[in-house]
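Note sheet for the following structure.
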Amino acid sequence: MPQHSKLIVVANRLPASRTGKGPSARWERSPGGLVSAMEPVLAERGGVWIGWDGGAGPAPRPATVGSLDLRAVGLSRSEVNEYYHGFCNTTLWPLYHDAVINPEFHRSWWDPYLAVNKRFALASARSYRKGSLVWVHDYQLQMVPKLLRDRKPGAKIGFFLHIPFPPDELFAWIPWRSAILRGLLGADVIAFQTQASAENFVRVAKRYTSAEGTERELSFEGRSIRVKACPISIATSEFEKTAALPAVKRRAAEIRKQLAGRTVLLGVDRLDYTKGIPLRLLAYEELLKERTLSANKVVMLQVAVPSREVVPGYEETRREVEQTVGRINGENSQPGKVAVHYFRRSLAREELVAYYLAADVMLVTPLRDGMNLVAKEYVACRSDNTGVLVLSEFAGAARELRRALLVNPRDLETMKKTIVEAVRMKKEDQRMRMAMLRSNVRRHDVHDWSREFLEALAQ
Ligand code: ADQ
């Protein structure tokens, strides 16, 4: 692999955000998995990160934050609405997640999607030097590979989809389906979280374009395109180190004490309808109602980060979660023994890890999820091998974390049984399962993921 080929990361969001206004505005690095994966690679090879800063208006000037060289792409107010809230998060996001809510199709959103993708492609072309590797990320930018290839025919372009790629039955709904496929087929390597997504893609590419080939390699308009599964992971050793800090362990002990020594069930999610939070709460509510579990002995914590609040579906999910939490507490809490603690906010990394350490049972029960990093983070933090992970079959992570207790989140009876099994699991069984889960997240961390992708691209 050419060690020094420059890397151009193209993602909807920049890895930093602007705080303050006017000349006193500053960039602040945003925490997150993708940033920790890309930063060392960018530092080693050099390169730039092209993305949107999250605001409306002209793009801020190029900036350097730590070892990250940022090139911002500007979006107008109407593009924020039509491209981002609209086509990305009201059409594609629900459709790619099994249409768990109805996706909306508006002709007036397609042109802004195309226009913004063109702007990203132009910005990438400007930063491109002969030999650069270009890595385009996610569903917001599916047209960029083709639009960039039109300008730089010889470029090495890779694309990674962080969310699931839907089966033909759903993908076929999209009025712009063949345009999207041709957009993606501009890449040399197209990678997905799971083999199932890769296979879905190959099937529709062959059906709706002139692409031909196998599950691993397609040929399209005289070029060959590799298709692969490349599951993302976490910065495992960073989580392990944080979990070993004395201050974090003290904080975890304090949380457990505040919860009166009860068995702690934990959920940590973006507040998104794909994450299955209401069904998880319902399962817990029924267990309390039937007296299989008692709020004297167990407690649930649900941490939910506010997300996409202006997009249809999110406000309803929030209301549903809050009503259910209210009902459960109204019927089951006592002074000093609240049945569900609900935090609607983001937690700092160390605080989040303290919660992972305090939790006996981690509930990760999305209706559909590309991967789900929370499941892997919990596992990485459990250095004493205790704790039980309850994991939805419909998260990409379930393909790897086979020793979790796997559940179908829509099957409430099995969810309830599985939660009870998790609460009652003997320490020796916990250790046996967790040790295997932990070896899994150690064997394959986010650095292995980016290496594997870039090696495929550099070939
Ligand atoms: P997301 O849908 O955002 O990501 P996920 O993989 O769970 O989902 O990542 C969420 C991240 O946010 C985790 O690193 C977690 O620690 C953090 N987080 C969640 N709640 C938090 C809270 N209250 N406070 C602080 N941090 C919190 C998309 C896809 C996933 C895919 C990832 C990466 O939807 O399926 O795994 O991209 O490819």
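Tabulated data
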item	result
Of the criteria (1) within 16 Å of the ligand (Cβ to nearest atom); (2) surrounded by fewer than 14 Cβ atoms within 10 Å (Cβ to Cβ); (3) free of Cβ contacts under 8 Å to residues at least 40 places away in the same chain, which one Pro23 fails	(1)
Unique residue being at pLDDT 95 or above and away from the ligand (no atom under 16 Å from the Cβ) when the list is Val299, Val374	Val299
Residue within segment 62-81 that is free of Cβ contacts under 8 Å to residues at least 40 places away in the same chain, under 22 Å from the mean Cα position of the chain (by Cα), surrounded by 15 or more Cβ atoms within 10 Å (Cβ to Cβ) and within 23 Å of Ile234 (Cα to Cα) present	no
Where a residue in segment 266-283 is within 8 Å of the ligand (Cβ to nearest atom) and its partner, wherever it lies, is assigned to a loop (DSSP other than H, G, I, E, B), with Cβ under 7 Å and at least six apart	Arg270/Ser307; Asp272/Ser307; Thr274/His97; Thr274/Val100; Thr274/Pro366; Thr274/Leu367; Thr274/Arg368; Lys275/Pro366
Residue match in segment 83-100 (condition: of a type in the set (D, E, K, R) and free of Cβ contacts under 8 Å to residues at least 60 places away in the same chain)	no
Per-region count, segment 330-367, residues closer than 18 Å to Ser307 by Cβ and crowded, with 24+ Cβ neighbours inside 10 Å	3
Some residue of segment 380-403 being over 18 Å from the mean Cα position of the chain (by Cα), surrounded by fewer than 15 Cβ atoms within 10 Å (Cβ to Cβ), more than 13 Å from the ligand (Cβ to nearest atom) and farther than 20 Å from Arg262 by Cβ	yes
Residue check for Leu34: more than 16 Å from the ligand (Cβ to nearest atom) and among the hydrophobic types (A, V, I, L, M, F, W, C)	no
Residue in segment 222-239 that is surrounded by 21 or more Cβ atoms within 10 Å (Cβ to Cβ) and among the aromatic types (Phe, Trp, Tyr) present	yes
Scope segment 304-313; condition on the phi < 0 side of the Ramachandran plot and away from the ligand (no atom under 13 Å from the Cβ); matching residues	Glu309, Val310, Val311, Pro312
Lone unmet requirement of (1) more than 18 Å from the chain's Cα centre (by Cα); (2) within 16 Å of the ligand (Cβ to nearest atom); (3) assigned to a loop (DSSP other than H, G, I, E, B) for Ser5	(2)
Total residues in segment 362-371, condition more than 12 Å from the ligand (Cβ to nearest atom) and farther than 15 Å from Pro409 by Cβ	0
Pair list, Cβ under 7 Å, 6 or more apart: segment 122-136 residue without any contact (Cβ under 8 Å) to a residue 60 or more places away in the chain and closer than 15 Å to Gly154 by Cα, other residue in a loop (DSSP other than H, G, I, E, B) and not polar (S, T, N, Q)	Ala125/Lys152
Criterion (surrounded by fewer than 22 Cβ atoms within 10 Å (Cβ to Cβ), out of contact with any strand residue (DSSP E or B) (no Cβ under 6 Å at 6 or more places or on another chain) and free of Cβ contacts under 8 Å to residues at least 24 places away in the same chain) met by exactly one of Glu212, Glu290, Glu217	Glu290
Unique match (being assigned by TED's automatic domain parsing to the domain that holds Asp411, within 16 Å of the ligand (Cβ to nearest atom), among the charged types (D, E, K, R) and under 21 Å from Val338 (Cα atoms)) among Arg251, Arg262, Arg256	Arg251
Tally of residues being within 20 Å of Gly396 (Cα to Cα) and more than 15 Å from the ligand (Cβ to nearest atom) across segment 230-248	0
Within segment 176-283, strands (runs of 3 or more DSSP E) holding 1 or more residues that are more than 23 Å from the chain's Cα centre (by Cα)	217-220, 223-229, 263-270
Selected residue [closer than 25 Å to Lys417 by Cα, in contact with a Ser or Thr (Cβ under 7 Å, 6 or more places away or on another chain) and not aromatic (Phe, Trp, Tyr)] from Val268, Val303, Val311, Val298	Val298
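The values are calculated or read from the model by the stated rules, or taken from the named source; none is laboratory data. Note that this is a predicted model, so its numbers are computed, not measured. Positions of Cβ are generated from backbone atoms using ideal geometry, with glycine treated the same way; all protein chains shown enter the neighbour counts.
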